[in-house]
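To start, the structure under review is shown below, and the notes come after it.
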Amino acid sequence: EAQVTQNPRYLITVTGKKLTVTCSQNMNHEYMSWYRQDPGLGLRQIYYSMNVEVTDKGDVPEGYKVSRKEKRNFPLILESPSPNQTSLYFCASSLARGTDTQYFGPGTRLTVL
Amino acid sequence: AQSVTQLDSQVPVFEEAPVELRCNYSSSVSVYLFWYVQYPNQGLQLLLKYLSGSTLVKGINGFEAEFNKSQTSFHLRKPSVHISDTAEYFCAVSDHGDKIIFGKGTRLHILP
């Protein structure tokens, strides 16, 4: 089944403790992206990647890192999480560009205490 | 810089009535426009998109949207809604196809 998977689905952590949210797709897509969703703010793009080793900042990249060492994986790294990073995070992938249909993962709900 | 505005945060509508969800954008260049839907506790899925060509775009589940360049709008419409259309709807814009800006979303409430 074609899908985007994210792990973990739920995470509660404390300020400053490094964490990684994994994202994997099995559709051989080149484009992958991370978003955060906050009430009243909608979805905001954090980072995106056009292909392996090619990443670029979205609208809200501060406090986040990404890497794209393999085509299928696009982990989101929070080196020193803070409470304002408490949010619902979505990973998405599409064939080649953002204008192609994006397939979203199920989301990761992160709480930073 | 591009931006997108969804004018209504919530829209209540009776079942089988028509609905229009409004979306306006601003950009200094040509744009690509999208509508995505998020059902409760799920990720987003594409409803429809405008890249070029015909300004009337038809999507899944009976939805359609019209690109109006002079009004800088891309409103979403459905002639008759069903209870299963209860969801949050997001308009999005991109000026080069990679970086995408989403609106804040419109919650569609279907009343029995």
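Only the coordinates and a few stated rules stand behind these numbers; no lab work does. None of the values given here were measured: they were computed from a predicted structure. Positions of Cβ are generated from backbone atoms using ideal geometry, with glycine treated the same way; all protein chains shown enter the neighbour counts.
Below are the figures for this structure:
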read-out	value
Average beta carbon contacts from partner chains per residue of A:101-108, 10 Å cutoff	4
Ordering of A:95-104, B:69-78 by burial proxy (mean other Cβ atoms within 10 Å per residue, highest first)	A:95-104, B:69-78
Reciprocal of mean inverse Cα separation for chain B (Kirkwood radius, Å)	14.0 Å
Rg/Rh for the range B:1-64, where both radii come from Cα atoms and Rh is the Kirkwood radius	0.97
Binned Cα-Cα distance frequencies in the range A:24-113 - 10 Å width, integer %	18, 53, 26, 3
Per-residue average of Cβ from other chains inside 10 Å of B:16-25	0
For chain B, share of DSSP beta bridges that run antiparallel, in % to the nearest 5	85 percent
Hull volume in cubic angstrom per residue (convex hull over the Cα atoms of the range B:51-112)	111 Å³
Residue-wise HN-Hα coupling along the range A:13-27, computed from phi with Karplus coefficients 6.51, -1.76, 1.60 (Hz; x: Gly, Pro)	9, 10, 3, x, 8, 3, 9, 10, 9, 8, 9, 9, 10, 10, 10
Residue order, fewest to most beta carbons within 10 Å, for A:ARG36, A:ARG109	A:ARG109, A:ARG36
Average beta carbon contacts from partner chains per residue of B:101-107, 10 Å cutoff	4
Residue order, fewest to most beta carbons within 10 Å, for A:LEU88, B:LEU33, B:LEU56, A:LEU43	B:LEU56, A:LEU88, B:LEU33, A:LEU43
DSSP-defined antiparallel bridges as percent of all bridges, the protein assembly as shown, nearest 5	90 percent
C-alpha center-to-center spacing [the range B:66-112, the range A:1-26] in angstrom	28 Å
